[in-house]
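Data block below; observations after.
The values are calculated or read from the model by the stated rules, or taken from the named source; none is laboratory data. None of the values given here were measured: they were computed from a predicted structure. Backbone-built Cβ (ideal geometry, glycine too); neighbour counts: all protein chains shown.
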């Protein structure tokens with residue numbers, strides 16, 4: 001049911017269709033009995049806590065994350081707020097790290113994708129110096145490194 005439903009001038013609950021009186025909740029342009037404002041998946045009350053709305057349905061944070069959440073490619077936990085998107089993956093800022101030294105990339109720092117891993121500018125330069133002394137010249141790798149600045153972007157759990 002969309003919008004505020006009225007029957008003979010009375011406001012009705014968007015969930016059960018019953019007349020709203022006494023203590024009711026208003027969410028956007030809808031009214032609910034406090035007992036009727038529940039998670040679509042587990043039916044837990046949403047009257048006193050946080051919730052997410054997707055496609056007109058309401059979810060507790062746990063069920064929303066399970067159904068629609070994005071997981072960090074490094075730690076597999078759900079991400080929200082500031083995230084890093086790189087090479088088709090999403091990471092917590094603290095989890096987007098150099099594959100060699102494991103240092104987190106500060107926002108805006110130049111990173112290099114070698115074709116196999118993402119490394120910081122210090123690590124991409126260090127092995128080249130060691131390799132040049134230790135081994136004879138080798139043919140160029142089929143993939144040249146791609147360098148881009150690391151940037152954090154907000155991740156909106158509501159999908160908008």
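Side notes on the structure shown:
- Any chance residue 38 is crowded, with 18+ Cβ neighbours inside 10 Å, in the same structural domain as residue 118 (by TED's automatic domain parsing) and either in contact (Cβ under 8 Å) with a residue 24 or more places away in the chain or farther than 30 Å from residue 108 by Cα (or both): no
- Scanning the stretch 16-47 for residues that are closer than 22 Å to residue 68 by Cα and either at pLDDT below 90 or in a loop (DSSP other than H, G, I, E, B) (or both) returns 28, 37, 39, 40, 41, 42, 43, 44, 46, 47.
- Qualifying residue in the stretch 48-56 (condition: within 23 Å of residue 123 (Cβ to Cβ) and under 22 Å from the mean Cα position of the chain (by Cα)): no
- Answer residue from the stretch 102-113, given it is farther than 26 Å from residue 69 by Cβ and surrounded by fewer than 17 Cβ atoms within 10 Å (Cβ to Cβ) and is modelled with the highest pLDDT among those: 103
- Of the residues screened, residue 69 is one that is out of contact with any helix residue (DSSP H, G or I) (no Cβ under 7 Å at 6 or more places or on another chain), closer than 30 Å to residue 111 by Cβ, surrounded by 17 or more Cβ atoms within 10 Å (Cβ to Cβ) and at pLDDT below 95.
- Taken over the stretch 79-101, residues that are touching a helix residue (DSSP H, G or I) at 6+ places or on another chain (Cβ under 7 Å), crowded, with 18+ Cβ neighbours inside 10 Å and in a loop (DSSP other than H, G, I, E, B) amount to 1.
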